[in-house]
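Report on the structure given below.
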Amino acid sequence: MDLYNDLDKILALVKKHATKILILDFDGTLAPIRTHPQKANITIKTRNLLQKLSKKRGFYIAILSGRKLQDLKAKIKLPNIIYAGNHGIETEIYGKIYTFPISNKIQSSISEIAKKLGKIIAKFDKAFIEDKGSVLALHYRLVHKRNIPKLLIRFDKIIKPYIKNSAVSVTPGKMVYDICPNINWHKGDFAKFVVKMHTTLSKTKPLVIFIGDDKSDENVFEKLKGAICIKVGTCISSTKAKYSLKDTKEVYKFLNLIGGTSNHG
């Protein structure tokens, strides 16, 4: 359902709840998707809006992304919010850094995969590997479309044994595959932790809003029971989110409205 069909109802809920938790993805949600991940940035007005929301009484903001923690922080550049990188594996919660433990065996497997993928991508123009520490990403957005099937066959051949021995899992994204450690901790688990933490601190039931655009965000949509879940994009037929917004511009408009910084209607 288009979120604006229920906008008045949602704004009434925002006004009603003393505690509001906004959990937001980065790429495709706050910042438009770009040809290279380093080219993706939020606008100045988006940063200013996030800063304004983070200072409002009762508002708490978490940015939950597949990006590396330090990369995510450098893109947002705001204090007093929660950052979660690598799908929630590495986090900074109000200045304190926490990393989900990864076994040496799994980390060694990820290093092996990085070396093997490095050899095959040399044969595919404009494919590249992003090493995010505990997570690897195979980017193929710029690879010629006729070569993508060949690349993915090679990728599948390398990755299958590691999936079989439970070392890693693969999370598909938009023209990217994230190779993640196979651990019992995902985006949805971190989102639930954030909600539980603020529920305990505020001693009230919060209103939770999650906005994401990618397949990895479906894990959050599924696990955040009772939250307002919003999928960004035009292809939303198979999502678990109740609501949709078309693009990052609509996300900005919605955040601006719930912050009470503009009129609607």
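Considered as a group, the residues in segment 25-54 that are among the polar types (S, T, N, Q), touching a strand residue (DSSP E or B) at 6+ places or on another chain (Cβ under 8 Å) and closer than 18 Å to Gly85 by Cα include one that is surrounded by the fewest Cβ atoms within 10 Å (Cβ to Cβ), and that residue is Asn41.
If you filter segment 202-243 down to residues that are of a type in the set (Gly, Ala, Ser) and surrounded by fewer than 20 Cβ atoms within 10 Å (Cβ to Cβ), you find that the one that is nearest to the chain's Cα centre (by Cα) is Gly233.
Within segment 156-197, the residues that satisfy the criterion of being part of a helix (DSSP H, G or I) and surrounded by 20 or more Cβ atoms within 10 Å (Cβ to Cβ) are Ile159, Tyr162, Lys187, Gly188, Phe190, Ala191, Val194, Val195.
Just one of the listed residues (Gly88, Gly95, Gly66) is at positive phi and crowded, with 21+ Cβ neighbours inside 10 Å, namely Gly88. Residue check: is Ile102 surrounded by 14 or more Cβ atoms within 10 Å (Cβ to Cβ), of a type outside the set (Gly, Ala, Ser), assigned to a loop (DSSP other than H, G, I, E, B) and at pLDDT 95 or above? It is true that Ile102 is surrounded by 14 or more Cβ atoms within 10 Å (Cβ to Cβ), of a type outside the set (Gly, Ala, Ser), assigned to a loop (DSSP other than H, G, I, E, B) and at pLDDT 95 or above.
Annotation for segment 60-75: at least one member residue is more than 15 Å from the chain's Cα centre (by Cα) and touching a residue at least 24 places away in the same chain (Cβ under 8 Å).
Condition check ((1) under 25 Å from Gly233 (Cβ atoms); (2) assigned to a helix (DSSP H, G or I)) across all residues:
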{"position": "Ala12", "(1), (2)": "no, yes"}
{"position": "Asp71", "(1), (2)": "yes, yes"}
{"position": "Ala84", "(1), (2)": "yes, no"}
{"position": "Glu92", "(1), (2)": "no, no"}
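The values are calculated or read from the model by the stated rules, or taken from the named source; none is laboratory data. All of these numbers come straight from a predicted model, not from anything done at the bench. Ideal geometry is used to build each Cβ from the backbone, glycine not excepted, and the neighbour counts take in all protein chains shown.
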